[in-house]
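A.B. asks: Structure provided below as C-alpha cells; questions to follow.
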Amino acid sequence: MVVGFDQVSKIYGNVRAVDGLSLRLHPGETVALLGPNGAGKSTTLDLLLGLKHADAGTVSVFGLSPREAIVAGRVGAMLQSGGLMDEVTVQELVKLACELHPKPYRVTDVLARAGISQIAGRKVNKLSGGQAQRVRFALATAGDSDLIVLDEPTTGMDVSARQAFWATMREQADQGRTVLFATHYLEEADAVADRVLVLHRGRLLADGTAAEIKAKAGARRISFDLEGEIDEAPLRALPFLTAVTVSKSGSAAGSGQTVRMQSSDADATVHALYGLGVYPRNLEVAGLGLEQAFVAITEAEEAKEVTQS
C-alpha cells in the first residue's frame, strides 16, 4: 500500500474540510482527485504531504507518517502555487532540489524531462505561468520518488505543453510509481487516470475507473434535431429526464432546434418522444462524459443533503 487514509477528518471552525475520509492508493496507479471548489481536495493533499495534521483518524504513506516518507525521499510534490525563489535561475533552483533529494537525478535529465532546458538560465521571476508550472514539476521529480503528488499541475500550460506533461507522467506510472493529481480539467482525468476519486464536502462520493464513474451517474445523453419550432413543455415532461436544453440548430435550410437531454432511462424517454408525434433527426444516444457524470453525481448528493436537512 502506498497511501492510507483511515477515517480522517480536518475541521476549521464549523467547516469539515475532510470528513471521515478513508481510501487506499496502490503502486503504479494514476489517480485523479476530483471535486467542486470546497470539496476538500487541497486539504486532502496537504494532509498527505504532512503540511496539515488530521484532527481525527490517521494518514500513512508507505507505512510511515507523511513527514517521515517525505524526508526519506519517497514523495515528490508539485503544489499549485508557491515554492519558487525569485532571484535564482531555473537551473540553480533545480540543482538545489536535486542536491536535497536522497536519491537525486542528474540536473540535465530533470530539466529535459520537464521541458525547461531552454530556459535553464532564466530567472524564476521572469517565467510565464506555464513555465513556472513546468519548473514546479521539475522540483517534484528531482529524484527517484515512489509517489508523485500534483495539485492542478497543468494550470497555465498550453495544449502542447499539457500533452507533453501527461506523456511524461504516463512514463512515471509505467515505471511503477504512483501518481495522484487534483485537477479541474476533467478531460485530463478521463484520458489519463486509471482511477478517479470524487470528493464532495470532504467525503468520498465515488471511487472507480472513469467508465465506472460515468456508469454510477446512471444517466445517458440523448441529442437530436427538430425542424421548425416546438413547444418545450411536452419535451420537458418526458419521463426519466434529469436535464434538457433546447437551442436553435443554426441550420442553413431554415429554422430548427437542437435538443440535448440526460435521461436515467434513455429507451423509455425516446419511446415517449415518438409518442408525442415528434420525429427527431440525427438522433444520438450515448453515455455521459466524465464531466457530465461528475456534475450529476455531485448535484444528486447536494439534492439529498437538502432533503435530509
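A.B. asks: If you go through the range 180-222 one residue at a time, how many are under 14 Å from Glu301 (Cβ atoms), hydrophobic (A, V, I, L, M, F, W, C) and open to solvent by 10 Å² or more (accessible area, probe 1.4 Å)?
C.D. replies: The qualifying residues number 3.
A.B. asks: Exactly one of (1) without any contact (Cβ under 8 Å) to a residue 60 or more places away in the chain; (2) aliphatic (A, V, I, L, M); (3) surrounded by fewer than 20 Cβ atoms within 10 Å (Cβ to Cβ) is unmet by Met1. Its number?
C.D. replies: Going through the list (1) without any contact (Cβ under 8 Å) to a residue 60 or more places away in the chain; (2) aliphatic (A, V, I, L, M); (3) surrounded by fewer than 20 Cβ atoms within 10 Å (Cβ to Cβ), Met1 breaks only (1).
A.B. asks: Scan the range 1-17 residue by residue and report those that are part of a loop (DSSP other than H, G, I, E, B) and modelled with pLDDT under 95. Step through it out loud before you land on a result.
C.D. replies: Step one: of the range 1-17, the residues part of a loop (DSSP other than H, G, I, E, B) are 1-2, 13-14.
Hits for the range 1-17 are Met1, Gly13, Asn14.
A.B. asks: I'd like to verify a number: residues in the range 97-119 that are within 20 Å of Ala132 (Cβ to Cβ), open to solvent by 50 Å² or more (accessible area, probe 1.4 Å) and touching a Cys at 6+ places or on another chain (Cβ under 7 Å), how many?
C.D. replies: 0
A.B. asks: Considering only the range 11-22, I want to know if a residue exists there that is aromatic (Phe, Trp, Tyr), more than 25 Å from Leu290 (Cα to Cα) and free of Cβ contacts under 8 Å to residues at least 60 places away in the same chain.
C.D. replies: Looking only at the range 11-22, we keep the residues that are aromatic (Phe, Trp, Tyr), and these are 12.
Applying the additional criterion that residues be more than 25 Å from Leu290 (Cα to Cα) yields 12.
Filter once more, keeping what is free of Cβ contacts under 8 Å to residues at least 60 places away in the same chain: 12.
So far as the range 11-22 goes, yes, one or more of its residues are aromatic (Phe, Trp, Tyr), more than 25 Å from Leu290 (Cα to Cα) and free of Cβ contacts under 8 Å to residues at least 60 places away in the same chain.
A.B. asks: Could I ask something else about it? Among the listed residues Gly20, Gly76, Gly50, identify the single one that is assigned to a loop (DSSP other than H, G, I, E, B), of a type outside the set (A, V, I, L, M) and out of contact with any Asp or Glu (no Cβ under 7 Å at 6 or more places or on another chain).
C.D. replies: Working: Gly20 fails: assigned to a loop (DSSP other than H, G, I, E, B); Gly76 fails: assigned to a loop (DSSP other than H, G, I, E, B).
Testing whether each residue is assigned to a loop (DSSP other than H, G, I, E, B), of a type outside the set (A, V, I, L, M) and out of contact with any Asp or Glu (no Cβ under 7 Å at 6 or more places or on another chain) leaves just Gly50.
A.B. asks: Another question, if that's okay. Quick one: would you say Val94 is of a type outside the set (Ser, Thr, Tyr), buried (at least 16 other Cβ atoms within 10 Å of the Cβ) and in contact with a Lys or Arg (Cβ under 7 Å, 6 or more places away or on another chain)?
C.D. replies: On the way: of a type outside the set (Ser, Thr, Tyr): yes; buried (at least 16 other Cβ atoms within 10 Å of the Cβ): yes; in contact with a Lys or Arg (Cβ under 7 Å, 6 or more places away or on another chain): no.
Answer is no for this residue.
A.B. asks: Condition test on Arg122, is it open to solvent by 70 Å² or more (accessible area, probe 1.4 Å), more than 25 Å from the chain's Cα centre (by Cα) and without any contact (Cβ under 8 Å) to a residue 60 or more places away in the chain? Step through it out loud before you land on a result.
C.D. replies: Numbers: open to solvent by 70 Å² or more (accessible area, probe 1.4 Å): yes; more than 25 Å from the chain's Cα centre (by Cα): yes; without any contact (Cβ under 8 Å) to a residue 60 or more places away in the chain: yes.
So Arg122 fits the description; yes.
A.B. asks: So which of Gly63, Gly73, Gly35 ends up being open to solvent by less than 30 Å² (accessible area, probe 1.4 Å) and more than 23 Å from the chain's Cα centre (by Cα)? Explain how you work it out, then say what you get.
C.D. replies: Numbers: Gly63 fails: open to solvent by less than 30 Å² (accessible area, probe 1.4 Å); Gly35 fails: more than 23 Å from the chain's Cα centre (by Cα).
Every option except Gly73 fails the conditions.
A.B. asks: Please work out which residue is farthest from the chain's Cα centre (by Cα), limiting yourself to the range 259-274 and to residues that are within 22 Å of Thr209 (Cα to Cα) and crowded, with 16+ Cβ neighbours inside 10 Å.
C.D. replies: Checked the range 259-274; the qualifying residue farthest from the chain's Cα centre (by Cα) is Ser263.
A.B. asks: Moving on to the next point. When you scan the range 195-219, how many residues do you find that are modelled with pLDDT of 85 or more and more than 30 Å from Ile11 (Cα to Cα)? First the steps, then the outcome.
C.D. replies: Quick first cut of the range 195-219, residues modelled with pLDDT of 85 or more only: 195-213.
Then keep just the ones that are more than 30 Å from Ile11 (Cα to Cα); that gives 211-212.
The number of residues fulfilling the criteria is 2.
A.B. asks: Conditions: (1) modelled with pLDDT of 90 or more; (2) buried (at least 19 other Cβ atoms within 10 Å of the Cβ). Met157 meets all but one. Number of the miss?
C.D. replies: Exception for Met157: condition (1).
A.B. asks: If you don't mind, another one. Give me the pairs: first residue in the range 47-67 and under 13 Å from Asp6 (Cα atoms), second residue assigned to a loop (DSSP other than H, G, I, E, B), beta-carbon distance under 6 Å, and six or more apart or on different chains, which are they?
C.D. replies: Pairs found: Leu47/Ala54.
A.B. asks: Return the only residue of Gly277, Gly228 being open to solvent by 40 Å² or more (accessible area, probe 1.4 Å) and small (Gly, Ala, Ser). Let's see the steps before the verdict.
C.D. replies: Numbers: Gly228 fails: open to solvent by 40 Å² or more (accessible area, probe 1.4 Å).
None of the others qualify; the one that does is Gly277.
A.B. asks: I need every pair where a residue in the range 23-44 that is over 18 Å from Ser60 (Cβ atoms) has its Cβ under 7 Å from the Cβ of a residue that is hydroxyl-bearing (Ser, Thr, Tyr) and crowded, with 16+ Cβ neighbours inside 10 Å, sequence separation at least 6 or different chains.
C.D. replies: Gly28/Thr178; Ala32/Thr183; Pro36/Thr298
The values are calculated or read from the model by the stated rules, or taken from the named source; none is laboratory data. As the structure is a computational prediction, the values presented were derived from the model and not from experiment. Positions of Cβ are backbone-derived with ideal geometry, glycine not excepted, and every protein chain shown enters the neighbour counts. Heads up: the accessible areas ignore ligands, DNA and RNA and are worked out on the full protein's heavy atoms, side chains in. Shrake-Rupley method; radii C 1.70, N 1.55, O 1.52, S 1.80 Å.
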